[in-house]
Amino acid sequence: MDTSPTELGILAALALLAASLWIPYIIGVTRQGAAFEAFVRPGDLSSLPAWVHRAHRAHLNLLEQLLPFAILVLVLDRMGGFNALTYWTVVAFFWLRVAHAVGMISGLAKMPLRPILFLLGWVCCLVLASQVFLPA
């Protein structure tokens, strides 16, 4: 049986996280009694509780980093470039993104922790890019 590398499995898990991270936002919006009408612009986020706004931003922040991360992982897969460094980088990225989302939605990841978590995710992308452009 052929098994996929861990890097691809974690990429799939991150895609599932991104596909599900809208749920806290929608729960928050519906708890506020927001009326849903087809093709109507959502209400002002500033009128919602802070955690709902943070849930929206957590989803957007994950999408911002997921695209370049996914491209780099897929390029490395195509190159046959997975190694111990890419393994640990992908594992770190996954847990950084989970911590970022949980910390942001809960409000526990305050300044400067939240931007540091985002920055470390970017560093993970740079490490993966180094393996694309400077393979060992």
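The values are calculated or read from the model by the stated rules, or taken from the named source; none is laboratory data. As the structure is a computational prediction, the values presented were derived from the model and not from experiment. These area figures cover heavy atoms from the full protein model, side chains too; ligands, DNA and RNA do not enter into them. Shrake-Rupley method; radii C 1.70, N 1.55, O 1.52, S 1.80 Å.
For the range 66-72, 3J(HN,Hα) computed residue by residue from phi via the Karplus equation (6.51, -1.76, 1.60; θ = phi - 60°) reads 5, 4, x, 4, 4, 4, 5 Hz, glycine and proline entered as x.
With θ taken as phi - 60° and the Karplus curve 6.51 cos²θ - 1.76 cosθ + 1.60 applied, the whole-hertz 3J(HN,Hα) list for the range 75-89 is 5, 4, 4, 5, 7, x, x, 6, 8, 4, 5, 5, 4, 5, 5 Hz, x standing for glycine and proline.
Reducing the range 87-125 and the range 42-81 to their Cα centroids gives an inter-centroid distance of 11 Å. Backbone amide hydrogens, once placed in the peptide plane, bring Ala109 within less than 5 Å of Met104, excluding anything fewer than 5 places away on its chain. The C-alpha atoms of the chain define a longest principal axis, and helix 6-20 lies at about 10 degrees to it. Amide hydrogen proximity for Leu48: with H placed 1.01 Å from N in the peptide plane, no residue at 5 or more positions away or on another chain lies under 5 Å. Ligands, DNA and RNA left out, the 1.4 Å accessible surface of the chain is 70% carbon and sulfur atoms. Rounded to the nearest Hz, the phi-derived 3J(HN,Hα) couplings of the range 94-102 under the Karplus curve 6.51 cos²θ - 1.76 cosθ + 1.60 (θ = phi - 60°) are 4, 5, 4, 5, 5, 4, 4, 5, 5, where x marks glycine and proline.
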